[in-house]
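Below: one structure, written as structure tokens.
The values are calculated or read from the model by the stated rules, or taken from the named source; none is laboratory data. Just so it is clear, the model here is predicted, and its values are computed rather than measured. Positions of Cβ are generated from backbone atoms using ideal geometry, with glycine treated the same way; all protein chains shown enter the neighbour counts.
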Amino acid sequence: MFETVSSHWQSTFERLVSSIHKYGLLVSPLITSAPVDRVIQILQNNGIAYNVRLDVLTNLSVNNILRGFTDPAILASLMEAIPHTRVMHLPTLHAKVYVADESEAIITSANLTEGGLMLNYEYGIRTTDPNFVRRIRNGRFSAPLTPLTPLSPLP
């Protein structure tokens, strides 16, 4: 099944996160605190925070961090709350892709930010076709990816 996803799609995103049982993929160049806090809350409430594997692909450029477009502190919190989380940096990332296991995927224009989920005019597609979801999940990016090591809290 394929359907469109349009603006103010926070509830659709939260349903996708709720459907994660073993593996989640979050691809977004910009990531801020409120959506990630909600991911943590949903996975903890579902009792899978310590078992699920979560891959996060983002752009941790100095520019994105200094301008507040990406919050490295919330990524560190995510890695602490969901221990099997890998955060990977891809400087030229523009894609926005969200995947739950092999059951659901969303490809959209929306970043994982408050604006992307609730304020901006966004558009995308959602699929529950397992073959297509698997192809999206196993997609390759042109640069080799190295997971970041967990960050230590600042004194």
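Against the list (1) modelled with pLDDT under 95; (2) within 21 Å of TYR121 (Cβ to Cβ), the condition THR12 fails is (1). Listed by first and then second residue, the pairs with beta-carbon distance under 6 Å, at least 6 apart or on different chains, first residue in segment 120-132 and touching a residue at least 60 places away in the same chain (Cβ under 8 Å), second surrounded by fewer than 13 Cβ atoms within 10 Å (Cβ to Cβ) and aliphatic (A, V, I, L, M), are THR128/MET1.
The residue pairs whose first member lies in segment 94-111 and is hydrophobic (A, V, I, L, M, F, W, C), whose second member is surrounded by fewer than 23 Cβ atoms within 10 Å (Cβ to Cβ) and assigned to a loop (DSSP other than H, G, I, E, B), and whose beta carbons are closer than 6 Å, counting only pairs six or more residues apart or on different chains, are ALA100/SER19; ALA110/LYS96; ALA110/GLU122.
One line per residue, one yes/no per condition, for (1) within 20 Å of SER103 (Cα to Cα); (2) within 15 Å of the chain's Cα centre (by Cα); (3) modelled with pLDDT under 95:
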site: SER28; (1), (2), (3): yes, yes, no
site: VAL52; (1), (2), (3): yes, yes, no
site: ASP55; (1), (2), (3): yes, yes, yes
site: ASN59; (1), (2), (3): no, yes, yes
site: ASN63; (1), (2), (3): no, no, yes
site: PHE69; (1), (2), (3): no, yes, yes
site: PRO72; (1), (2), (3): no, yes, yes
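Out of curiosity, is ILE40 at pLDDT below 95, farther than 21 Å from ARG135 by Cα and not in a loop (DSSP other than H, G, I, E, B)? It is false that ILE40 is at pLDDT below 95, farther than 21 Å from ARG135 by Cα and not in a loop (DSSP other than H, G, I, E, B). Of the residues making up segment 1-23, those that are outside any helix (DSSP H, G or I), of a type outside the set (A, V, I, L, M, F, W, C) and farther than 17 Å from ARG137 by Cα are GLU3, THR4, SER6, SER7, HIS8. Put simply, of SER33, SER28 the only residue that is under 21 Å from ARG137 (Cα atoms) and not aromatic (Phe, Trp, Tyr) is SER28. Mind checking which residues of segment 93-143 are of a type in the set (D, E, K, R) and either surrounded by fewer than 16 Cβ atoms within 10 Å (Cβ to Cβ) or assigned to a strand (DSSP E or B) (or both)? GLU104, GLU114, ARG126, ASP129, ARG134, ARG135, ARG140 - these are the residues of segment 93-143 that are of a type in the set (D, E, K, R) and either surrounded by fewer than 16 Cβ atoms within 10 Å (Cβ to Cβ) or assigned to a strand (DSSP E or B) (or both). Among the residues making up segment 62-92, those that are assigned to a loop (DSSP other than H, G, I, E, B) and in contact with a strand residue (DSSP E or B) (Cβ under 8 Å, 6 or more places away or on another chain) are THR70, ASP71, ILE82, HIS84, LEU90.
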